[in-house]
Amino acid sequence: MSISPFRVDQNTPDTPNLDAESKAEKAEVEQVEDVLNQTPYQPEELRSGGIFNWLQKKNPSPQFLADVAKMNETELDPRKVKHVERKIDLLIMPALAICYMFYYVDKTTLSYAAIFDLKHDLHLGSSDYNWLSSLFYFGWLGWALPTNILMQKFPLNKYLAFNIFLWGVLLMAQAASRNFTELAVLRVLSGAAEATADPSFVLITGTWYTRTQQPTRIGYWYLANGFGIALGGLFGYAIGHIKGSLSSWKYEFIIIGALCSAWAIFMAIFVPDSPYFSHWFTPEERLIIVSRKRGDHNSTDTREWKPAQVLEAFIDPKTYLFFLFGFTANVPNGATSNFGTLIVQGFGFDTFQTTLMQIPYGMVIVAFILAAIFINAKLPPGYRTLLMAVTNVPTVVGFAMVAWCKGTAPRLAGFWLTGASNATFVLGLSLLSGNVGGQSKKAIASAAVFLGVAIGNIVGPFLFKTSEAPTYYTGVVGCLVSRALEIVIILILRVIFVVSNRRKDRFVAEGHVRYDERSTELEDITDWKNPAFRYVTVSPIFDPVERA
């Protein structure tokens, strides 16, 4: 019989000898306690039926943190760590991948609707489609900061699931739109609901995985972006062949929205909010999940809002560079997400051929992300930002091919090549999750990135002029310039990371800074205040136990 590390032994030297019956009863009680310790944990608020308590964010208890600190004093068993990480991968990675797939399919459904006569049925004017593309991100922009704050207040997974449910509901409602105004209002609300997506995905990844593992895991769930594009093409092709009483574009909104909301319900029930209260892990496994992050120097998941960290975020130049990174990366994204099908259709394809051409585009994205993950694992330390710059070069070349090449084949190949930038953004997201210390500061930095994402996506569609259809020369060249500027931003971030690391190393070597590394591991402190914090410009993949 195993002994629970959390049981208080009530036998003392003064306890009288137990008779056989009492001993049997005591053994039975201990057996039940052992079963409870090995049974998936159920929070007390769920057992008591308090739904409002269930929806409240709970920080780890002092006892839990004390147990983690005690475990940090010993070496972890590599076999146990690997077992726990396999469980995390099987639970968290598929959930995030499906979320991201719906995230991309949801926001690009408009582009498929556009080639199925949405413009004609709603009597859209020359710039109305541009506005419908951009208004989505007005909603995102207005809700980006509030949603990051709310993520600090509520259980992260349940808050994300609630928003995903809204994605589906609002998408289905768009099928009932009768004019530009009705669809515009729903697009703004949809954008607000989706503002939580990327920041919450990054926070969830940071909660469950070590800093060295985060680039790879972010890459894995971001692969669903490519699969989502491919699946969107298949959905568009299949749904377009439905012969019903409604227009094809209405079926697009209804079917995809219904699937999205159904997934949200499943996620809210089965995917845990944090390692501390997860019923999928035993008490020992929950300790291991946190303890294996002891080298991250920011391993707690506290949701306390700290004004000092917020102030530091606003005076840190990296916050503004993260914003510019999000902006320059998403001017092209806002364009291709909404005009990609129209660009491809302009190469000479009919409606159904255009939907099918999105499948290879999605697979190119998957291939570039997998290649970036593999190369990132093989490079020596210090090269991740350089890899980000290199993966963006094919995108610049691709837009140049679309703008200036003649003939369908080279222009289509160039369009597919623009998908390489998705690998750049994957590595960029891991830069944020691994290079900002302090939960409140990280929330502001995350909001800055996705504020840039929103503004970039607002600007992008307006580069595409209806008068230039189907070539959209100004828009394509604008995307090329934005990607080139993104490379410059990446290289500036690299310089800041390297210089800051060298300065901290020099202060420590000269004896100006002294600290106990273990004392910083469970504290919620920022990268500026933590003398043990080092910025990560590359994260090679290796067993995290080696760092313990």
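Of note, VAL436 does not satisfy the criterion of being touching a Phe, Trp or Tyr at 6+ places or on another chain (Cβ under 7 Å) and either open to solvent by less than 10 Å² (accessible area, probe 1.4 Å) or among the hydroxyl-bearing types (Ser, Thr, Tyr) (or both). Number of residues in region 296-311 that are open to solvent by 10 Å² or more (accessible area, probe 1.4 Å), among the small types (Gly, Ala, Ser) and at pLDDT below 70 equals 0. From the list PHE322, PHE314, the lone residue that is modelled with pLDDT of 90 or more, surrounded by fewer than 21 Cβ atoms within 10 Å (Cβ to Cβ) and in a helix (DSSP H, G or I) is PHE314.
Determine, yes or no, whether ILE256 is open to solvent by less than 40 Å² (accessible area, probe 1.4 Å) and modelled with pLDDT of 90 or more. Against the criterion (open to solvent by less than 40 Å² (accessible area, probe 1.4 Å) and modelled with pLDDT of 90 or more), ILE256 qualifies. Of all residues in region 490-529, those satisfying the criterion of being open to solvent by less than 60 Å² (accessible area, probe 1.4 Å), touching a Ser or Thr at 6+ places or on another chain (Cβ under 9 Å) and at pLDDT below 75 are GLU521, LEU522, ASP524.
When region 113-123 is examined, which residues are found to be open to solvent by 30 Å² or more (accessible area, probe 1.4 Å) and either touching a helix residue (DSSP H, G or I) at 6+ places or on another chain (Cβ under 9 Å) or not in a helix (DSSP H, G or I) (or both)? Across region 113-123, the qualifying residues are ASP117, LYS119, ASP121, HIS123.
Going through region 68-112 one residue at a time, which ones are within 16 Å of the chain's Cα centre (by Cα) and surrounded by fewer than 15 Cβ atoms within 10 Å (Cβ to Cβ)? Listed by number, the list holds a single entry, PRO94.
Could you grab me the full set of residues in region 461-496 that are small (Gly, Ala, Ser) and under 30 Å from THR385 (Cβ atoms)? Within region 461-496, GLY475, GLY478, SER482, ALA484 meet the criteria. With respect to the conditions (1) surrounded by fewer than 22 Cβ atoms within 10 Å (Cβ to Cβ); (2) more than 29 Å from PHE138 (Cβ to Cβ); (3) touching a residue at least 40 places away in the same chain (Cβ under 8 Å); (4) of a type outside the set (Gly, Ala, Ser), PHE235 lacks only one, and its number is (2).
Just one of the listed residues (THR207, THR196, THR216) is in contact (Cβ under 8 Å) with a residue 12 or more places away in the chain, of a type in the set (Ser, Thr, Tyr) and in contact with a Pro (Cβ under 9 Å, 6 or more places away or on another chain), namely THR207. Among the numbered conditions (1) farther than 17 Å from VAL426 by Cα; (2) part of a helix (DSSP H, G or I), the only one that PHE349 does not meet is (2). Restricting attention to region 425-469, the residues being outside any helix (DSSP H, G or I) and β-branched (Val, Ile, Thr) number 1. Within region 450-463, residues that are open to solvent by 10 Å² or more (accessible area, probe 1.4 Å) sit with their Cβ atoms under 6 Å from residues that are among the aromatic types (Phe, Trp, Tyr) and modelled with pLDDT under 90, at 6+ positions apart or across chains, in these pairs: ILE458/TYR137.
Screening PRO410, PRO380 for residues that are open to solvent by 40 Å² or more (accessible area, probe 1.4 Å) and not in a helix (DSSP H, G or I) leaves exactly one candidate, PRO380. In region 470-481, the residue that is farthest from MET401 (Cα to Cα) out of those that are outside any helix (DSSP H, G or I) and not β-branched (Val, Ile, Thr) is PRO470. Looking at this structure, is PHE327 under 30 Å from ARG494 (Cα atoms) and free of Cβ contacts under 8 Å to residues at least 60 places away in the same chain? Criteria not met by PHE327.
Every residue, every condition in (1) open to solvent by less than 40 Å² (accessible area, probe 1.4 Å); (2) within 24 Å of the chain's Cα centre (by Cα), yes or no:
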site: LEU246; (1), (2): no, no
site: TRP249; (1), (2): yes, no
site: ILE269; (1), (2): no, yes
site: PHE277; (1), (2): no, yes
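If you filter region 483-495 down to residues that are in contact with a Phe, Trp or Tyr (Cβ under 8 Å, 6 or more places away or on another chain) and of a type outside the set (Lys, Arg), you find that the one that is farthest from LEU417 (Cα to Cα) is LEU493. Of all residues in region 148-201, those being outside any loop (DSSP other than H, G, I, E, B), among the β-branched types (Val, Ile, Thr) and either touching a Lys or Arg at 6+ places or on another chain (Cβ under 9 Å) or surrounded by 23 or more Cβ atoms within 10 Å (Cβ to Cβ) (or both) number 1.
The values are calculated or read from the model by the stated rules, or taken from the named source; none is laboratory data. This structure is a prediction, so every number in the text was calculated from the model and none was measured. Cβ coordinates were reconstructed from backbone atoms using ideal geometry, including for glycine residues, and neighbour counts include every protein chain displayed. Ligands, DNA and RNA are stripped out before the accessible areas are found, and what is left, the full protein with its side chains, is counted by its heavy atoms. Shrake-Rupley method; radii C 1.70, N 1.55, O 1.52, S 1.80 Å.
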